[in-house]
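I have placed the structure first, in the form of structure tokens, so that the comments after it can refer back to it.
The values are calculated or read from the model by the stated rules, or taken from the named source; none is laboratory data. In this text, all values refer to a predicted model and were calculated from it rather than measured experimentally. No Cβ is skipped: glycine too gets one built from the backbone with ideal geometry, and neighbour counts run over all protein chains shown.
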Amino acid sequence: MEKQYVIDEFQQGESWRLFRIIGEFVQGVETLNDVGPAVSIFGSARMTPDDPVYTKTVRIASLFAKNGFGVLTGGGGGIMEAANKGAVEAGGKSVGLNIMLPFEQQPNPYANIRLDFRYFFVRKVMLVKYAKAYIIMPGGYGTLDELFEAVTLIQTRRIKPFPLILVGSDFWGGLMDWVKDRLIKDGRISADDLDILQVIDDPEEIVRTVKKFVIL
């Protein structure tokens, strides 16, 4: 009898978790549905303001805002903070989709639209659904996770293709070489799959590339 009670309690908890997940989806859609054309910018949460990549991210986000794009980020520090800062200082929509974690992630103060998420996968859906492009700055595991999930969704045609731009040829060059030397040569992906990714360093060129793809 005691064992059955524990099982029933666990199952009840799982059922209520579904309602919390649905609630996060509803909140995200209602908040972001009118955000307009936007780009999602990713990168390391550990980047400090004195890092040149941080400064470059502020510049890129500012340019997007001045060209009519909102900027979506994961809402935390580092590159996310830099992107939100660049967007809000340029008078644009600066969206921070913060994830509640027991360590590392604290919301930055530069988002003028902010949502808090408990579930990573719900936040990921929002960052894809409302983005016209992905701008990938140097980062760690989380950045790679977002990058390759988007690549996989485009490759498998689960979402419409959009610009997926890696910023920093010195940082991403080794990864691109590995993709060519191992994945393509070993037949793990086709040569056309490499076209999903672009490596661009110049902020103005990044914005021009996205604008060619998006009708504002």
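Scanning region 141-200 for residues that are among the hydroxyl-bearing types (Ser, Thr, Tyr) and part of a loop (DSSP other than H, G, I, E, B), we see that the one that is nearest to the chain's Cα centre (by Cα) is Thr156. Would region 140-147 turn up any residue that is among the hydrophobic types (A, V, I, L, M, F, W, C) and crowded, with 23+ Cβ neighbours inside 10 Å? Looking for residues that are among the hydrophobic types (A, V, I, L, M, F, W, C) and crowded, with 23+ Cβ neighbours inside 10 Å, one finds none in region 140-147, hence no. The requirement of being modelled with pLDDT under 95 and surrounded by 15 or more Cβ atoms within 10 Å (Cβ to Cβ) is fulfilled nowhere in region 199-211; no residue meets it. Scanning region 121-139 for residues that are of a type outside the set (D, E, K, R), crowded, with 17+ Cβ neighbours inside 10 Å and assigned to a helix (DSSP H, G or I) yields a total of 4. Among residues of region 102-116 that are closer than 16 Å to Asp34 by Cβ and loosely packed, with under 14 Cβ neighbours inside 10 Å, none has a Cβ under 8 angstrom from a residue that is of a type in the set (Asp, Glu) and at pLDDT 95 or above at a sequence gap of 6+ or on a separate chain. Restricting attention to region 179-194 and to residues that are exposed (fewer than 11 other Cβ atoms within 10 Å of the Cβ) and not aliphatic (A, V, I, L, M), the residue that is nearest to Lys160 (Cα to Cα) turns out to be Asp192.
Among the criteria (1) surrounded by 15 or more Cβ atoms within 10 Å (Cβ to Cβ); (2) out of contact with any Lys or Arg (no Cβ under 8 Å at 6 or more places or on another chain); (3) within 17 Å of Tyr110 (Cα to Cα), the one Gln27 does not fulfil is (3).
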